[in-house]
Amino acid sequence: MNRIKGNRAERKIDRRTFIKGAALGLAAAALPLNKSDASFWEAFFQKHFREMNDEEIKKVLQRLEKEAEQKYKKAVKIGNEKAMPGVLFGYGLDLSRCIGCRRCVYACVEENNQSKDPQIHWITVLRFKKGEKWVDLEESEKYYNPSLVPEKDYFYMPVQCQQCENPPCVRSCPTQATWKEPDGIVVIDYNWCIGCRYCMAACPYGARRFNWSAPNRKPEEINPKTHYLGNRPRYKGVVEKCTFCIQRTRNGRYPACVEACPVGARKFGNLLDPNSEIRYAIENKRVFRLKEDLNTSPKFYYFFAYGV
Amino acid sequence: MFYLIKNFFIALRQVFIGNKKYYLWVGFLLFLILLGVSAYIDQAGRGLIITGMRDQVSWGFYISNFTFLVGVAAAAVLLVIPAYIYNFKPIKEIVLFGELLAITAISMCLLFVMIDMGQPVRGWHILPVIGAMNFPASLLAWDVVVLNGYLAINLFISFYVLYRLSIGKEYKMSVVGPLIILSIPWAVSIHTVTAFLYNGLSARPFWNASILAPRFLASAFCSGPAIMIILFQIIRKKSEVEIEDRAIFKIAELIAYAMGLNLFLLGAEVFKEFYSGSIHTYPIKYLYFGLHGKTALVPWIWTATILNITAFFLFLFPKTRENFTTLNMACIFVIIGVYIEKGLGLVVPGFVPDTLGEIYEYTPTTPEVLITIGVWAFGALIYTLLLKFAVPVYTGKLRFETKT
């Protein structure tokens, strides 16, 4: 399905250089001139992430780090850690423990540099009334706001990107700007996304967020430890979403939401490791995945550690 | 070379010189375009946040207009079928104006997609070879192929025919014939692919119905020709182009069949949704009756339904079909009816309730409406300029200079 694989031969560069020249002349007439510094054109002609070789990626990362530093007046490290072999990330969420406190939501925002105005959250916590039916999304409440959680008559279900093995968003993207990495994380190249939002229409889990305006965040709130495919600063007009905290998990850490959960409802690990906690939960608890009928095969498992 | 330049100026002169009314009309359109452009500059600066769209309803008025106009672009094909397959003379002679409308509609479609993009400058990423077109996986990539292909076919046919006429020669059927035959399935394909764009998303039960593509075709065969009927009356009134009543009535008759089919398919959908009554009926309930007191689309869709049904009967009976007052009423009813049904009435319920059950009521904002009006004015301007050149060529008044 995806024709772009790794780095291709030099021939490609020649053709590109030619097209660049031709397009430059055309585009120069059409674009605002005050932006016509070198960095603007480098950004404009930046290649698809998976078409670049290591050298080209390094240059891009340097340029992006420089841009971020100019914007936020602090050093921002943009990493490019690759997927580890033999790893397929999976997530477990214990619904019998979740108390609906939304600490995961806010930890996610602190970690992943989302816009604070307008607010962008990658995690949505849904509230359901107990004693009526099981998860009927149409009856869920997203904007619940009690003074104290958990509330007696309700249960809660956080939803974020389910990192599908068969992701409808990837299939729908017209420019291959989003894809599934070898460790199972669905990522977006924020420099390649054209902002058509077809992936948002395709996602059955409401996981994708669009930057309707330029993202706003105070420099002191910027998390400087970032990943190109994850929490680096984003742009106006591109789509973003949960990446299982790719900048953390590829360095052997837990996602921020897992660490933040006060009741230990969130589990994370390697699905290919038979001794991992996530494998234990899947094999020994009553697990289910959201909207199983759509055959998206999420790597996000909901389960019950004990009865309620 | 000399003649080429000279003829270019002949064409340019034809387009730029007109009477007072012409300048007034073009000036009016330019004014609307300017309004649209200024609203768009604001959108380009601040982002799509100036529209009513949000994460819950991530497509709105722009994509609604796009969908409607893909349908209008089919008008040409409805004229082509009887003209060339059945050799129905009165229609054959006016196919050209239908094809020019198709060119206009497709140009507007492409503009609507462009203005909906968050990063329009990166538009080239969707192209094959220089970009990374996700073909054949993404239906949006398919749409880029079929829409541009359709534009190319219609541009070639129209300009070839106009060129031959302008040098005083008959066009060669050996050149146009195969392209016209090709344009028939191609026109069907632009509708089908656009329908599949929605249809293929299992996340959106409202769109994920096999009936969507046939309904697209049926409703397109109503709105496009209805626009043509009105344009033909204007063209024959304002110029010496002769368009027989017979041709217009034939088109009206075809609309009656298409609308009958459209209403039948709608009925089939309504039955399936409401009789089975699964949780997937929420969007259609929202559309027709509102959900939890949220009723933004209800008055619109009932207006559309009533207009479409009324128009169906006006087109069906020869008496009302062949009376220009009732015929034009019916045309306007169909245009508005389908515009609502295939526009906001199709796009928005796909997102309401959203995939996690939230109901976000979408209404286009003023800048969004201004930009949309700007695109429509741009379309009207293109069609006006195309006609300004094509009509005198067609009537033999304008001829290019050649050596002989």
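Observations on the structure shown:
- Computing FRET efficiency as 1/(1 + (r/R0)^6) for B:Arg164 and B:Arg46, where r is the C-beta to C-beta distance and R0 is 41 Å, gives about 0.25.
- The stretch between B:Ser38 and B:Arg13, if pulled fully straight at 0.36 nm per residue, gains 6.1 nm over its current Cα-Cα span.
- Label separation (A:Ala214 vs B:Ile234): 4.1 nm, computed from points 7 Å beyond Cα along the C-beta direction.
- Think of the protein assembly as shown as a dipole: +1 on every Lys or Arg Cβ, -1 on every Asp or Glu Cβ, centred on the Cα centre; then among B:Ile234, B:Gly337, B:Thr363, B:Ile234 lies furthest on the positive end.
- Computed magnitude of the charge dipole of the protein assembly as shown (debye, nearest 20; Cβ of K, R +1, Cβ of D, E -1): 1280 debye
- 0 to 90° range, to nearest 10: angle between helix A:10-30 axis and chain A longest Cα axis: 80 degrees
- The protein assembly as shown: radius of gyration over Cα atoms, expressed as a fraction of 2.2 N^0.38 Å: 1.05
- For the residue pairs A:Lys142/A:Lys241; A:Lys47/A:Lys71; A:Lys180/A:Lys236; A:Lys142/A:Lys285; A:Lys59/A:Lys299, the alpha carbons lie more than 25 Å apart in A:Lys142/A:Lys285; A:Lys59/A:Lys299.
- Compared with the dominant principal axis of the Cα atoms in chain B, helix B:139-166 is inclined by about 20°.
- Peptide A:138-148 has a mean shielding of 2, counted as Cβ atoms of other protein chains within 10 Å of each residue's Cβ.
- Whether the range A:255-294 is rounded, prolate or oblate, judged on the alpha carbon gyration tensor where a/c under 1.5 counts as rounded: oblate
- Length-normalised contact order for the range B:267-404 - Cα pairs under 8 Å, 6+ apart - percent: 19 percent
- Judged by the mean number of other Cβ atoms found within 10 Å, the most tightly packed of the peptides B:246-254, B:389-397, A:72-80, B:105-113 leads the ranking B:105-113, B:246-254, B:389-397, A:72-80.
- Note on the range B:275-404: with charges restricted to the Cβ of Lys and Arg (+1) and Asp and Glu (-1), its dipole about the Cα centre is near 680 debye.
- Gyration tensor (alpha-carbon) shape descriptor, the range A:109-258, a/c threshold 1.5: prolate
- Across chain B, Cα pairs under 8 Å and at least six residues apart give a relative contact order of 30 percent.
- Basic side chains Lys and Arg get +1 at the Cβ, acidic Asp and Glu get -1 at the Cβ, and with that the dipole of chain A about its Cα centre reaches some 500 debye.
- Cβ-Cβ FRET estimate between A:Asn80 and B:Leu4, R0 fixed at 45 Å, reported to 0.05: 0.25
- Between B:Leu398 and B:Val393, the built amide H atoms are under 5 Å apart, and every one of these is 5 or more places off in sequence or on another chain.
- Two-site label geometry, A:Glu67 and B:Trp124: point separation in nm, points 7 Å out along Cα→Cβ: 1.6 nm
- Note on A:232-239: average number of Cβ atoms from other chains within 10 Å of each residue's Cβ is 3.
- Dipole of chain B [Lys/Arg +1, Asp/Glu -1 at C-beta], most positive-end residue of B:Leu34, B:Ala268, B:Gly177: B:Gly177
- Using θ = phi - 60° and Karplus 6.51 cos²θ - 1.76 cosθ + 1.60, couplings along the range B:266-281 (whole Hz; Gly, Pro as x): 4, x, 4, 5, 4, 4, 4, 5, 7, 6, 6, x, 6, 5, 6, 7
- Restricting the calculation to Cα atoms, chain A shows an Rg/Rh of 0.99 when the hydrodynamic-style radius is the Kirkwood one.
- Positive end of the dipole of the range A:79-308 (Cβ unit charges, origin at the Cα centre): among A:Thr175, A:Pro219, A:Gly230, the Cα lying farthest that way belongs to A:Pro219.
- Computed from the Cβ-Cβ distance with R0 of 45 Å, the FRET efficiency linking B:Lys397 to B:Thr366 stands at 0.55.
- Pairwise centroid distance, computed over Cα atoms, of the range B:1-48 with the range A:170-203, Å: 38 Å
- Angle between chain A longest axis and helix A:54-72 axis [Cα atoms, degrees, rounded to 10]: 80 degrees
Any read-out appearing in this document is the output of simple, stated calculations on the displayed coordinates, not a laboratory observation. In this text the structure is predicted, and so the values were computed from the model without any measurement. Cβ sites come from the backbone with ideal geometry, for glycine too, and all protein chains shown count toward neighbours.
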